[in-house]
Amino acid sequence: MTFMVAALCGQSLSSHQVMCAPMLSKLKLVKTPKGIDSVLMLSAMLILWIGNYSNLDLIIADSMFDGARGQFIGAGSALAGSFQFGMTLLGAAVIGLAIWDTLRPLAWLASRRSALRVVALSAVLVPLSIYFLSSFSDVPCPTDLLRYGGLEPYARLLETLPASASAMACLPATQANTAWWMLALPLFCLPGRPRTALLLAGVMLLCGLAAGWQQQLQGTQFFTHTLWSAWIASFLIYLLHNLFRAEDALA
């Protein structure tokens with residue numbers, strides 16, 4: 001997939017500078033650091049509002065719970081596990097390619113080699129960061145709730161659980177975290193093709209949401225848990241991109 005993305009975005013910056021000028025002005029909010037900062041901040045506020053002031057999580061989970069059987073309709077499905085295994089293999093391939101590039105540099109543009117390093121680091125740091133943050137969580141999974149046959153009461157994100165509640169680690173969602181590093185793949189299209197990068201980011205977001213949807217069908221996470229994982233991955237990838245961009249500028 002990395003080679004396919006690189007090929008899709010593999011046109012030089014010089015051949016597109018004139019053509020992309022009007023397009024870049026239209027995409028200024030998404031392209032500029034200030035714009036991305038605003039998108040991250042507003043999206044975090046939106047996810048927080050959904051989780052704490054709406055019933056969307058419960059509405060979605062209710063639609064996936066089979067009350068007659070007392071379990072979620074996706075319980076026992078092997079599809080989610082197969083998807084995670086595939087994403088792990090793909091991530092390992094990207095990491096291997098980045099190591100190869102370090103030892104024997106590829107004949108790629110500097111911006112694309114920098115993107116490769118960010119993608120490889122994302123494949124490692126995004127799952128680890130999500131798992132680490134979840135270790136501090138006391139947010140229940142759907143299957144833990146009395147509503148779905150568990151033992152724990154439902155509490156919103158900013159609400160306090162009873163002292164008797166068992167320790168849980170369901171936020172952010174760790175079950176599908178192996179897919180969120182793919183949000184870094186659009187970096188192969190920058191800076192020359194921002195429109196393609198934006199389109200590819202949308203496709204990668206849908207892939208991550210689909211992986212999260214499979215976990216929601218099994219009752220292992222709520223919808224907002226998936227959204228928080230996507231937000232954490234996006235924030236981390238943004239930081240890594242800025243770090244390597246600054247290093248390239250100083251080189």
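Placing Y131, Y154 in order of accessible area, with the largest value first and a 1.4 Å probe, yields Y131, Y154. Using the basic label-point model (7 angstrom from Cα toward the beta carbon), what is the A78 to L46 distance in nanometres? For the pair A78/L46, the computed spacing is 3.8 nm. In this entry, the range 124-205 is assigned a mean projected area of 7.0 nm², taken as a quarter of its C-alpha convex hull surface.
For the set I50, I99, I130, the ranking by accessible area, highest first and with no ligand, DNA or RNA atoms included, is I99, I50, I130 under a 1.4 Å probe.
Given a 1.4 Å probe and the protein chains as shown, M41 ends up with an accessible area of around 110 Å².
For the range 38-196, the equivalent ellipsoid derived from the Cα gyration tensor has semi-axes of 37, 19, 15 Å, listed largest first. Working note: Cα atoms of the range 182-236, range along each principal axis, descending, whole Å: 42, 18, 12. Measuring with a 1.4 angstrom probe and ignoring ligands and nucleic acids, S114 comes out at about 10 Å² accessible.
The values are calculated or read from the model by the stated rules, or taken from the named source; none is laboratory data. Just so we're clear, the structure is a prediction, and the values are computed from it rather than from any experiment. Cβ: placed from backbone, ideal geometry, glycine included. Neighbour counts: every protein chain shown. Only protein heavy atoms, including side chains, enter the accessible area calculation; ligands, DNA and RNA are left aside. Shrake-Rupley method; radii C 1.70, N 1.55, O 1.52, S 1.80 Å.
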